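These notes are about the structure you will find just below.
Every number here is computed from the coordinates shown, using simple stated rules; none is lab data. What you are looking at is a predicted structure, and each value in this text was computed from that prediction instead of being measured. Glycine gets a Cβ as well: all are built from the backbone with ideal geometry, and neighbour counts include every protein chain shown.
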Amino acid sequence: MDEFAVQGPLEKPPANLANRADVVAALVVRGSQATAADGRSQPIDAWAVQWKTGGDADLAWAGRSLAWWDRHRRSGDGPFLVAWIRDPAPPPPPGIDVYERLPAMVVYCP
């Protein structure tokens, strides 16, 4: 993944990150609220539910891992930049027809 810069206060995900083809989703989390690159803000649980029920497998994973991170791993009120990046799976091992890799969740705390 190429580098990106956070300039100024972290209000929403930087466009050069959020608009990448390999980025499933990106949010800036402050307290119980999260803001997307388009400026839309809603509670973390609302993002998680919306994504889990949307029908896109990668986004559903992002919703499940967002809820898990918020409940079990997050410490503090942020801001946090959270993004999910597709990392293509290597060729399957012998004897396995197909497998996939779920998007990697990356948390940046400036």
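Each Lys and Arg Cβ is given +1 and each Asp and Glu Cβ -1; about its Cα centre, the chain then shows a dipole of about 340 debye. Spatially, segment 74-96 and segment 22-72 are offset by 14 Å when compared through their Cα centroids.
With the dipole of the chain worked out from charges on the C-beta (+1 for Lys and Arg, -1 for Asp and Glu) around the Cα centre, which of P93, A18, T53 lies farthest toward the positive end? About the Cα centre, the residue reaching furthest to the positive side is T53.
What number, rounded to the nearest 500 deg cm²/dmol, is the helix-based mean residue ellipticity at 222 nm of the chain, given -39500 (n - 2.57) per DSSP H run of at least four residues and division by all its residues? Don't skip to the end; give the middle numbers.
Values: 3 runs with 25 residues, N = 110.
After summing the helix terms and dividing by the residues of the chain, the value is -6000 deg cm²/dmol.
With a Förster radius of 30 Å applied to the beta-carbon distance between I96 and D58, the computed FRET efficiency rounds to 0.90. Seen against the Cα atoms of the chain and their longest principal axis, helix 57-68 is set at about 50 degrees. Expressed as a fraction of 2.2 N^0.38 Å, the C-alpha radius of gyration for the chain is 1.12.
The calculated P(r) of segment 11-51, using every Cα pair and 10 Å bins from 0, goes 33, 53, 14 in percent.
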